[in-house]
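Below: one structure, written as structure tokens.
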Amino acid sequence: MTEHSHYRGRHLGSKLKIGIMLTGFILLVELIGGLLSHSLALLSDAGHVFADVVALSLSWYGVRQAERPSSAGMTFGYHRVGVIIAIVNALSIFAIAGVIFYEAYRRLGEPPEINSPLMLSAAVVGLGINVFVASWLHREQKSNLNVRSAYWHALGDALASIGVIVGAIIIMIAGWYLADPIISLMIGFIIVLAAWRILREGMRVLLEATPPHVNTEEMVEALLRHPGVKDVHDVHIWSISPELHAMSCHVLINDIPTSEAADIRGAIQEVLRRQFDIDHVTLQMECEQCAANDLFCSLKFAPRHDEGDANPHHH
């Protein structure tokens with residue numbers, strides 16, 4: 001791992017630790033406020049904040065693990081620890097949303113009386129701190145799924161705090177206590193949507209799906225346009241983590257000197273890095289067509305120019 005990566009890991013770790021402390025304070029405020037005011041919306045938000053604390057703690061652990069160097073037993077390092085943690089975070093959000101939905105449904109029939117000023121005060125404190133934590137993590141979440149899961153925890157809770165504030169104002173003005181469980185249901189739907197996005201992205205990494213930003217056909221066509229490349233096949237593209245992509249393939253070239261083959265290899269790697277954000281590349285250079293009975297090489301992904309087949313085979 002490079003010195004820049006170590007610095008970035010320490011920087012992320014510091015931000016996450018600050019987020020853990022601030023979110024823990026929100027949890028204390030909203031839990032006490034929810035119990036004293038009898039507000040389900042505030043207690044629901046406190047439940048989500050508890051998930052925030054867990055999410056941020058796990059994200060901090062994932063960042064620290066990703067800093068560990070690769071070894072003979074873990075040649076790709078520990079990048080996927082963060083992906084697994086992100087998936088666990090997403091599943092925890094689903095569980096919390098389920099509890100919120102159940103309790104909101106139960107209260108819709110008989111909403112209790114609520115201390116709206118106390119509910120409002122606690123929610124305002126929660127909103128302020130959650131907005132700060134979300135903005136604190138905004139830049140890093142764009143390139144790190146693990147941090148993105150923690151960011152969405154914080155952002156979802158900020159949105160939930162806004163809902164609690166709106167509910168408290170409605171209760172104060174109109175005395176309509178049903179606003180509390182209704183706001184709780186809205187909070188549940190918001191966090192379920194965020195959890196689904198994180199879960200889907202994490203599962204794509206674990207299933208080694210092609211990264212969303214890579215169009216395999218376009219990539220192969222770009223490689224075939226390079227002089228000296230006759231065919232590209234046995235193509236595999238996957239993500240080690242959401243921000244670290246890899247690719248391997250066989251490249252058929254003419255029977256040329258090793259130095260010329262090295263030039264072609266370097267040009268291909270540059271195209272993959274510049275156009276498709278793929279840094280980890282393994283190329284097998286060949287000067288003869290694969291045997292017909294070679295299963296993997298027979299599954300080619302080279303563009304076909306006949307109009308009758310618009311979907312080339314992909315392996």
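The values are calculated or read from the model by the stated rules, or taken from the named source; none is laboratory data. Values in this document were obtained by computation on a predicted structure and should not be read as measured data. For neighbour counting, all protein chains shown are included, and Cβ atoms are generated from backbone atoms with ideal geometry for every residue, glycine included.
Here are the numbers for the structure shown:
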{"quantity": "Conditions (1) under 30 Å from Met247 (Cα atoms); (2) surrounded by 23 or more Cβ atoms within 10 Å (Cβ to Cβ); (3) not hydrophobic (A, V, I, L, M, F, W, C); number of the one not met by Glu140", "calculated": "(2)"}
{"quantity": "Filter result for the condition that a residue is under 30 Å from Leu118 (Cβ atoms), in contact (Cβ under 8 Å) with a residue 60 or more places away in the chain and touching a helix residue (DSSP H, G or I) at 6+ places or on another chain (Cβ under 6 Å), over Gly33, Gly82", "calculated": "Gly33"}
{"quantity": "So Ile84, is it in the same structural domain as His138 (by TED's automatic domain parsing) and at pLDDT 80 or above", "calculated": "yes"}
{"quantity": "Count - residues of the range 170-221 that are among the small types (Gly, Ala, Ser) and either in contact (Cβ under 8 Å) with a residue 60 or more places away in the chain or buried (at least 18 other Cβ atoms within 10 Å of the Cβ) (or both)", "calculated": "6"}
